Structures are given as C-alpha cells and as structure tokens.
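The values are calculated or read from the model by the stated rules, or taken from the named source; none is laboratory data. Predicted model, so just to flag it, every value in this text is computed and none were measured. Neighbour counts run over all protein chains shown; Cβ positions are idealised from the backbone, glycine included.
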Amino acid sequence: MGSVKLGVLTHYPSQTRRLASACLPVGSINGQPLVFFYKTFYLQSIANFKIMGKVRNILQTKGHAIYSVEPSIMVYRAIELMCEKNIGGLLIVESGKLVGIFTERDYARKLILRGKSSKDTPIRELMTSNLITVTPDTSIDECMRTMTGRKIRHLPVLEHEQLVGMISIGDVVRFIIEEQRSIIEELEHYITGHHE
C-alpha cells in the first residue's frame with residue numbers, strides 16, 4: 001500500500017468544493033487545515049499552484065502574428081491600425097530591429113494629456129523604448145509576475161534576438177484559467193473514479 005502524502009489545503013474555489021468530500025482533516029499547521037486525499041493523491045493549494053506552461057504554449061494557440069509599424073508613422077495611423085486589428089499595442093520595428101512598443105496607455109498619457117495632435121505626432125515620440133521582453137521558454141508564472149510587478153500589459157517575445165510574437169495580459173489570464181479548469185476536471189475525474 002502506498003504511503004499517504006500530506007499537504008495544506010488553504011483555499012479552493014466554489015466549483016471545487018465537492019472535492020473536499022475526498023479530504024480527511026488530520027489537524028492544522030499555523031491555523032491552516034491539514035488534510036490528505038485518499039489513494040496517495042496530493043493537492044497543494046489550488047489557489048497558489050504553479051502554472052507549468054510556457055510562453056510557447058500561448059503562441060501555439062494564438063499564433064505568431066506580429067503587428068508592427070515603423071517609428072516614423074503618425075500616431076493617428078497607428079491608432080487606426082490598432083482599431084482595425086482590435087489590439088491594444090503595436091510593436092515598433094526599424095530596419096528589422098525591435099526598438100519600442102506603442103500602447104493605448106502611451107496614447108492616453110503621452111499624447112492626449114499633453115495636448116498633442118495624433119495626425120502631426122510621429123509614434124517615435126510616444127513609444128516606450130525601454131522594453132521588457134520574454135522568450136518562448138519563459139514560464140507563464142514569470143510573465144504574470146513581470147506584468148503585475150511592472151504594471152505592463154504586453155510582452156514582446158524574442159528568440160535568438162529575433163521577434164517571434166507578442167503576448168498580452170489577456171493571453172496570460174486565459175491560459176491560467178484553462179490550466180486551472182483542466183486541473184479541476186482531472187481532480188473530479190480522479191475522485192469520482194473516472195480517472196484513467
């Protein structure tokens with residue numbers, strides 16, 4: 001018979017409450033309930049589990065489409081393109097090299113609030129040039145920490161210094177939600193005996 005593995009279950013969302021029926025309280029640690037799952041199945045906090053995916057997993061789903069413009073383009077045309085493509089940011093590329101990013105936030109803070117005209121202002125004057133980038137092998141966890149810590153919504157993806165895509169905070173959140181859903185379904189199948 002396999003050994004029983006113990007873990008602290010700190011929180012679980014409403015849709016997984018019935019999973020608690022497979023848990024047996026055995027005490028507490030620092031006020032947190034200590035439980036174990038039967039059949040040696042171990043669950044660390046659902047709320048704080050580590051997402052195992054990488055940026056390449058997001059790109060495989062959303063594709064590698066890159067929307068970019070040159071730094072000399074006028075802001076008005078850039079906004080038109082963003083509306084056409086329903087995107088929140090444009091990458092700025094000059095001579096094949098990534099030199100900046102232009103987002104809705106740049107438009108609001110650097111143009112509207114300064115009273116500039118979008119038809120007379122080149123995007124190079126508003127773009128963010130101090131870029132934070134990731135690679136296809138960057139973990140989703142690290143992307144989320146970077147975005148929330150730096151208060152940014154877009155991350156260009158570089159591989160061997162070549163631009164291969166861009167991910168947004170929306171992409172990351174959708175990936176995490178799907179990952180959580182898959183884990184919850186696996187747990188439910190395991191507990192109800194439908195796990196293969």
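Specify the residue that is farthest from residue 75 (Cα to Cα); the eligible residues are those in segment 115-128 that are modelled with pLDDT of 90 or more and not charged (D, E, K, R). Write out each step before concluding.
First, pick out the residues of segment 115-128 that are modelled with pLDDT of 90 or more: 117-128.
Among the residues that remain, those that are also not charged (D, E, K, R) are: 117-118, 121-123, 126-128.
Values: 117: 8, 118: 5, 121: 6, 122: 6, 123: 5, 126: 8, 127: 10, 128: 13 Å.
Going through the qualifying residues, I end up with 128.
If a residue has to be within 14 Å of residue 82 (Cα to Cα), without any contact (Cβ under 8 Å) to a residue 24 or more places away in the chain and touching a Leu at 6+ places or on another chain (Cβ under 6 Å) to count, how many in segment 99-114 make the cut?
1
Among the residues of segment 77-129, what is the count of those that are buried (at least 17 other Cβ atoms within 10 Å of the Cβ), among the hydroxyl-bearing types (Ser, Thr, Tyr) and closer than 30 Å to residue 160 by Cα?
So the count comes out to 2.
Looking at residue 148, is it under 22 Å from residue 52 (Cβ atoms), modelled with pLDDT of 95 or more, of a type in the set (Ser, Thr, Tyr) and assigned by TED's automatic domain parsing to the domain that holds residue 80?
On the way: under 22 Å from residue 52 (Cβ atoms): yes; modelled with pLDDT of 95 or more: no; of a type in the set (Ser, Thr, Tyr): yes; assigned by TED's automatic domain parsing to the domain that holds residue 80: yes.
So residue 148 does not fit the description; no.
Considering only residues that are assigned to a strand (DSSP E or B) and hydroxyl-bearing (Ser, Thr, Tyr), which ones fall in segment 112-171?
From segment 112-171, those assigned to a strand (DSSP E or B) are 122, 128, 134, 139, 154-159, 162-168; that's our starting set.
Within segment 112-171, 128, 139, 168 qualify.
Taking only segment 56-83 into account, find how many residues are aliphatic (A, V, I, L, M) and assigned to a helix (DSSP H, G or I).
Residues in segment 56-83 being aliphatic (A, V, I, L, M) and assigned to a helix (DSSP H, G or I): 7 in total.
Condition test on residue 135, is it modelled with pLDDT of 95 or more, under 22 Å from the mean Cα position of the chain (by Cα) and in the same structural domain as residue 150 (by TED's automatic domain parsing)? First the steps, then the outcome.
Numbers: modelled with pLDDT of 95 or more: yes; under 22 Å from the mean Cα position of the chain (by Cα): yes; in the same structural domain as residue 150 (by TED's automatic domain parsing): yes.
Yes, satisfied.
Tally the residues that are acidic (Asp, Glu) and in contact (Cβ under 8 Å) with a residue 40 or more places away in the chain, restricting the search to segment 88-98. So that I can check it myself, show each step before the final result.
Taking segment 88-98 first, the residues acidic (Asp, Glu) are 94.
Restricting the remaining residues to those that are in contact (Cβ under 8 Å) with a residue 40 or more places away in the chain gives none.
Residues in segment 88-98 being acidic (Asp, Glu) and in contact (Cβ under 8 Å) with a residue 40 or more places away in the chain: 0 in total.
Give the residue, chosen from 73, 112, that is of a type in the set (A, V, I, L, M) and at pLDDT below 95.
Working: 73 fails: at pLDDT below 95.
Among 73, 112, only 112 is of a type in the set (A, V, I, L, M) and at pLDDT below 95.
Any residue in segment 115-142 that's under 15 Å from residue 103 (Cβ atoms) and among the acidic types (Asp, Glu): show its pairings with residues that are modelled with pLDDT under 95 and part of a loop (DSSP other than H, G, I, E, B) at Cβ separation under 9 Å, as long as the two are six or more apart or on different chains.
Partner pairs satisfying both residue conditions: 125/116.
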